[in-house]
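As structure tokens, the structure follows; a few thoughts come after it.
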Amino acid sequence: MAAVLTKGTTAFITGAGSGIGLAVAKKCASVGMNVALADKNFEQVQKAKENLSGKGGTVDAFEMDVSNWSDWDSTRTKLLQQFGGVDFLMLNAGTSEQGTWGDAEYFRKIMETNLFGVINGLNALLPTMHESHKDISGKPAAIVITGSKQGITNPPGNAAYNASKSAVKTLAEHLSFDLRHTGIGVHLLVPGWTYTGLTGGPPGGHGEKPSGAWWPEQVADYMVQKMGDGKFYIICPDNDVSQELDKKRMLWTARDLVNGRPPLTRWREDWKNEAAKGVEEMNV
């Protein structure tokens, strides 16, 4: 499915004003793709457009709030008029608000962006993608949805964010199954620690990165590699956490359910030592 990232195809990327979305947009432009950039921050996405223009195919920027269906409706119309459709859809926009139980606004904002931003994008563009590719033999198409390790290992401290990314994982899994005979590839991108505006880095900038984190460009490179390998789950390591350690943590989390343990044993005081030892000794 990495074959979709080729000259003349069209990419539409949300959250493209900075971070991972912008890094993927750069890769798309570098191979000659048309690139449609979408972001809630119009100043950032316009700057991204200016930086990418002339480096590939046609580049345009759209100011949109992924939680707003009317924004999707109008953007879909513009995409069809300007580009004729979308071959590579990356639903990447996300937010990480801080809040707790009893804070309804905290839950609403995160779910509307992280979860309904994906649902809205699929409902708006999947029918047109399916229609435009079903009769074109061999024409590649792919959808990448950005998830999070927090939606898998579920560390305490941000319940709404974790729940939103867990739901995104489930949606992506169902989408992959439902599209398995259509030729549209589906991939769940799960970044490791990445230095972006969402994690404290300067939006669209390259400040002093912590040694343990990856640059967004490293995530983009890894994503393309794993798309080429046909992988649905694209679980990125970083400079602190290896693939092996990721697997051990995910298995330990899954075994809370399978073995009838309390949830989140890795962080419970009465389980913490046993969990740490169990993860260390686990074979994967």
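Before moving on, here are some points about what is shown:
- Residue within region 146-160 that is among the aliphatic types (A, V, I, L, M), surrounded by fewer than 18 Cβ atoms within 10 Å (Cβ to Cβ) and free of Cβ contacts under 8 Å to residues at least 60 places away in the same chain present: yes
- Enumeration of residues in region 122-145 that are closer than 14 Å to ALA172 by Cβ and surrounded by fewer than 22 Cβ atoms within 10 Å (Cβ to Cβ): LEU122, LEU126
- Within region 168-188, the set of residues being farther than 15 Å from VAL118 by Cβ, in contact with a His (Cβ under 9 Å, 6 or more places away or on another chain) and not polar (S, T, N, Q) comprises GLY183, ILE184.
- Residues of region 252-284 satisfying the condition of being of a type in the set (D, E, K, R) and assigned to a helix (DSSP H, G or I): ARG255, ASP256, ARG266, LYS272, GLU274, LYS277, GLU280, GLU281
Taken together, the values in this text are just the output of simple stated rules run on the coordinates, not laboratory data. Here the structure is a predicted model, which is why all the values come from computation and not from measurement. A quick note on method: Cβ atoms are made from the backbone with ideal geometry, for glycine too, and the neighbour counts reach across all protein chains shown.
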